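Below is one structure, written out as structure tokens; comments come after it.
The values are calculated or read from the model by the stated rules, or taken from the named source; none is laboratory data. Values in this document were obtained by computation on a predicted structure and should not be read as measured data. No Cβ is skipped: glycine too gets one built from the backbone with ideal geometry, and neighbour counts run over all protein chains shown. Side chains included, ligands, DNA and RNA excluded: accessible areas come from the protein's heavy atoms. Shrake-Rupley method; radii C 1.70, N 1.55, O 1.52, S 1.80 Å.
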Amino acid sequence: MKIIDILTQPWPWYVSGPLIGLIVPSLLLIGNKQFGVSSTMKDICAICIPNRVAFFKYDLKEQWWNLIFVLGVVIGAFVVGQTIQNPNLIQISINTVDDLKLLGITSYQGMIPGEIFNWANISSGRGFLFMIVGGFLVGFGVRYAGGCTSGHAIMGLSQGSLGSLISVIGFFAGGLIMTHLLFPLIFNL
Amino acid sequence: MKYFYFLLTGIYFGILLIKSEVVSWFRIQEMFRFQSFHMYGILGSAVLTGALSIWLIRKLNIKTIQKEGVIIKEKPLNRVSNFAGGLIFGLGWALTGACPGPLYALIGNGHLVILIVLLSAITGTFVYGLLSEKLPH
């Protein structure tokens, strides 16, 4: 099998997981920075609405590195899209496919279900819930918890932080409640 | 120069987020339904690698590229907000199928409609900032 074919396929967890973990020492060794993406959303607030709200009054100079880091994330994802994107439909567990079919999700084109996430859907009840309400809960929740999957789950657990462990338990509690208790109600609307 | 390295590390993360399919709404559903090991394998092995790296940095007293000692700030422990905020984020994570890193990556990967989700998330962070002093922590 040619190298390009291996790169184009989805990368297995035992390759991508450790490679993601290496971001922790990389950021520490480049400049004593701790991995965590969600604080960039706070920085964007601080840039847009300076000096109005106490929570957003801080020295942005210490944060530029992270905004540059997420600019890199956008570029990296774009480059994959132009080069080694997997051209095939995503292969997920057949059980998940069956469960999602009951909810009316049958399109596996791309990374997200086009039946929910599309521009025309934003004003519909379901689209509004998944995109607008969902996004709001992500942004509000991460700041209240003090971090997201990268900051708490990967960096926080790596450094043995108890607060991060409590947060990660919260992440999964919320996700399980939404998936198992609320999705059946939402999709019956 | 330091900023160039941060940019490169970001590009590296962006490539991994897409190639590992962590950014996929479908993968997040599979995770919350316990129907595949994929996401657990990624998170678990990433944490193991991160923890091992930190242990090595401390053990061997490895310095940063500016020859400074590595300082890892303790994360504050706020039991109430850690759990309550985590719970709120978790509800949103299952809806959007994306945490903040994947939001940026999906936009870069051409899913421009996710710009709306990111804008809404930034609004959520802003509203938290307005209310933070009134919320229990």
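Odds and ends about this structure:
- For beta carbons closer than 7 Å, sequence separation of 6+ or different chains, a first residue in segment A:6-24 that is outside the structural domain of residue A:155 (by TED's automatic domain parsing) and a second that is assigned to a helix (DSSP H, G or I) and open to solvent by 60 Å² or more (accessible area, probe 1.4 Å), the qualifying pairs are A:21/B:48.
- Residue A:30 in contact with a Phe, Trp or Tyr (Cβ under 8 Å, 6 or more places away or on another chain) and either assigned to a helix (DSSP H, G or I) or in contact (Cβ under 8 Å) with a residue 12 or more places away in the chain (or both): yes
- Residue A:154 more than 7 Å from chain B (Cβ to nearest Cβ), touching a helix residue (DSSP H, G or I) at 6+ places or on another chain (Cβ under 7 Å) and in contact (Cβ under 8 Å) with a residue 40 or more places away in the chain: no
- Taking the criterion of being at positive phi and under 17 Å from the mean Cα position of the chain (by Cα), the residues of segment A:103-160 that qualify are A:110, A:146, A:147.
- Counting only helices (runs of 4 or more DSSP H) that fall entirely inside segment B:27-137 and contain at least 1 residues that are open to solvent by 50 Å² or more (accessible area, probe 1.4 Å) and farther than 21 Å from residue A:116 by Cβ, the qualifying elements are B:38-59, B:79-96, B:114-131.
- Where residue B:103 falls short, out of the listed (1) within 7 Å of chain A (Cβ to nearest Cβ); (2) out of contact with any Cys (no Cβ under 7 Å at 6 or more places or on another chain): (1)
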